[in-house]
């Protein structure tokens, strides 16, 4: 059985608005030196957008009156880039995301 020893590091991440934020990220490969780099958060936003689109498509087909999807996301560094992992529990997550869709009642009064 493998020991699950995760190495995390505080990295600087540039947000789409140009601001920097410090993030604790799991290093997926131990040989990387990332603390001195500024990583882009844009890929994380793209992942969230992709997940939302993937969930919304079947919801449009089945048309529930309301749907809520909760995700726990962990930020990680792989090949010098910030990446996103969907994790099992919120205790491990860097980001907890709740996506909610509600069917609009368009009947006229």
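All of the numbers you see were taken from the coordinates with simple rules; none came from a lab. Quantities reported herein were computed from a predicted structural model and do not represent experimental measurements. Don't worry about glycine lacking a Cβ; one is built from the backbone with ideal geometry, like all the others, and counts go over all protein chains shown.
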What nm value, rounded to one decimal, do you get for the distance between residue 12 and residue 81 when each label is placed 7 Å out toward the C-beta? 2.2
Of all DSSP beta bridges having both residues in region 6-70, the percent classed as antiparallel (nearest 5) is 75
Say each of residue 66 and residue 88 gets a label point 7 Å from the Cα, pointing the same way as Cα to Cβ; how far apart are those two points in nm? 3.0
GNM flexibility winner over the chain from 65, 12, 83 (Cα, springs under 10 Å): 65
Relative contact order (percent, whole number), the chain, Cα cutoff 8 Å, 6+ residue spacing: 24
Distance in nm between label sites at residue 54 and residue 104, each 7 Å beyond Cα in the beta-carbon direction? 2.7
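Run lengths n ≥ 4 of DSSP H only: what is the helix-derived mean residue ellipticity at 222 nm for the chain, with -39500 (n - 2.57) per run over all residues, to the nearest 500? Spell out each step's value before the answer.
Details: 1 runs with 21 residues, N = 109.
The helix contribution divided over the chain gives -6500 deg cm²/dmol.
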